[in-house]
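Enquirer: This structure is in structure tokens; I'll ask about it shortly.
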Amino acid sequence: MTVKPATILIFDSGVGGLTVFREAVRARPDARYIYVADDAGFPYGNQQEAALIARIVAVVGQAIDRYKPSLVVIACNTASTLALAQLRAAYDVPFVGTVPAIKPACAQSKSKRIAVLGTQATVSREYTRALIREFAGDCNVVLVGSPKLAGYAELELAGTPVPDADIKAEIAPCFGEGPPEHYTDTIVLACTHYPLLVDRFRALAAWPVDWLDPAPAIARRVADLMRDRPPGVIAERPSIFFTSGKAPAPALATALASYGF
Ligand code: DGL
């Protein structure tokens, strides 16, 4: 008997969730993946909170109605730190969120100085502050909110190169001054768009650091929640939908094809 594949819905404000999607596919290649990008609402990082919560709950709700997923991955720190609780209260489906990886970063830091690089919204949220209070211990945490990097990642994936100097200016505040033992040695990628730029970050870093991408941990959580589900037989490629209704431009379509869409 063939087992129907489980449907996993991946949600982000744009293409950043692809960095989580690719790890989820590695962990559960047998699922049917639906990716919803709320590009009509992008960027989430500079929006008024109440309106953004209402928007996220509505857009995710429509996708749940349409695709009946077994699991929803909110592959966006800005959305998760703001609206995970409301989503869980509104819909009876398991959610996996993406929140800043402060606990593992502090645990692995030898210099006991880390930076959290996210959208301005994510780094200013109470959710993020609470993670620091709970898990930072003796680690010094520098919060760096970037108004521009998510947009730069969108541009790069769509084939428009962003100059080195522009990217460098956004990551520079993560690197502190001081004697070597107080140097930042770990930077949390607290926006799912940023792993798309991590090779540029490495090349432009003031010194080598560990750039922590939470996607593998999120994929492990997905696999864990799906552990009782027998392997399905996938009959279709993943699908991606943009809330703007616009078809991706050719360069973006080529990039999406490399992810299997
Ligand atoms: N990908 C989103 C995140 O993880 C943010 C991008 C945006 O500002 O919309 O935070």
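The values are calculated or read from the model by the stated rules, or taken from the named source; none is laboratory data. Predicted model only: the values in this text are computed from it and were never measured. Counting neighbours? That spans all protein chains shown, and the Cβs are built from the backbone with ideal geometry, glycine included.
Enquirer: Quick one: in region 78-98, of everything that is part of a helix (DSSP H, G or I) and buried (at least 18 other Cβ atoms within 10 Å of the Cβ), which residue is farthest from the ligand (Cβ to nearest atom)? Step through it out loud before you land on a result.
Expert: Of region 78-98, the ones part of a helix (DSSP H, G or I) are 78-90.
Next, from what is left, pick out any that are buried (at least 18 other Cβ atoms within 10 Å of the Cβ): 78-84, 87.
Values: 78: 4, 79: 7, 80: 8, 81: 8, 82: 10, 83: 12, 84: 12, 87: 15 Å.
Among those residues, the one meeting the criterion is 87.
Enquirer: Is there a residue in region 56-77 that is within 16 Å of the ligand (Cβ to nearest atom) and of a type in the set (Phe, Trp, Tyr)?
Expert: no
Enquirer: Now a separate question. Which of the following residues is surrounded by 21 or more Cβ atoms within 10 Å (Cβ to Cβ), at pLDDT below 95 and not in a helix (DSSP H, G or I): 45, 16?
Expert: After ruling out the rest, the residue left standing is 45.
Enquirer: Taking the stated definitions as given, is residue 208 out of contact with any Cys (no Cβ under 6 Å at 6 or more places or on another chain), closer than 30 Å to residue 35 by Cβ and away from the ligand (no atom under 16 Å from the Cβ)?
Expert: no
Enquirer: Tell me the strands (runs of 3 or more DSSP E) entirely within region 148-261 that contain at least 2 residues that are among the β-branched types (Val, Ile, Thr) and at pLDDT below 95. Spell out the reasoning first.
Expert: Numbers: elements: 186-189, 210-212, 239-242.
Ranges flagged: none.
Enquirer: Can you report the number of residues in region 119-140 which are more than 18 Å from residue 53 (Cα to Cα) and not in a loop (DSSP other than H, G, I, E, B)?
Expert: 8
Enquirer: Could you list, in sequence order, all residues of region 99-133 that are within 15 Å of the ligand (Cβ to nearest atom), touching a Gly at 6+ places or on another chain (Cβ under 8 Å) and in contact (Cβ under 8 Å) with a residue 24 or more places away in the chain?
Expert: Answer for region 99-133, where residues must be within 15 Å of the ligand (Cβ to nearest atom), touching a Gly at 6+ places or on another chain (Cβ under 8 Å) and in contact (Cβ under 8 Å) with a residue 24 or more places away in the chain: 100, 118, 119, 120, 121, 122, 123, 128.
Enquirer: Residue pairs, Cβ under 7 Å, 6 or more apart or interchain, first in region 71-88 and over 19 Å from residue 23 (Cβ atoms) and in contact (Cβ under 8 Å) with a residue 24 or more places away in the chain, second more than 15 Å from the ligand (Cβ to nearest atom) and assigned to a helix (DSSP H, G or I). List them.
Expert: Close Cβ pairs satisfying both conditions: 83/57; 86/57; 87/57.
Residue-by-condition table, conditions (1) over 14 Å from residue 115 (Cβ atoms); (2) within 16 Å of the ligand (Cβ to nearest atom); (3) surrounded by fewer than 17 Cβ atoms within 10 Å (Cβ to Cβ); (4) within 17 Å of the chain's Cα centre (by Cα):
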{"site": "150", "(1), (2), (3), (4)": "yes, yes, no, yes"}
{"site": "157", "(1), (2), (3), (4)": "yes, yes, no, yes"}
{"site": "183", "(1), (2), (3), (4)": "no, no, yes, no"}
{"site": "192", "(1), (2), (3), (4)": "yes, yes, no, yes"}
{"site": "244", "(1), (2), (3), (4)": "yes, yes, yes, no"}
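Enquirer: What do you reckon, is residue 190 touching a strand residue (DSSP E or B) at 6+ places or on another chain (Cβ under 6 Å) and of a type outside the set (Ser, Thr, Tyr)?
Expert: Judged against the criteria, residue 190 is a match.
Enquirer: Another one. Is it true that some residue in region 170-178 is away from the ligand (no atom under 16 Å from the Cβ), over 24 Å from residue 20 (Cα atoms) and of a type in the set (A, V, I, L, M, F, W, C)?
Expert: yes
Enquirer: Let me ask something else about it. So how many residues does region 163-202 have that are without any contact (Cβ under 8 Å) to a residue 12 or more places away in the chain and of a type in the set (A, V, I, L, M, F, W, C)? I'd like the intermediate steps shown before the answer.
Expert: Here is the first cut: in region 163-202, the ones without any contact (Cβ under 8 Å) to a residue 12 or more places away in the chain are 163, 165, 169, 177-179, 199, 202.
Still in the list and also of a type in the set (A, V, I, L, M, F, W, C): 165, 169.
Final tally of qualifying residues: 2.
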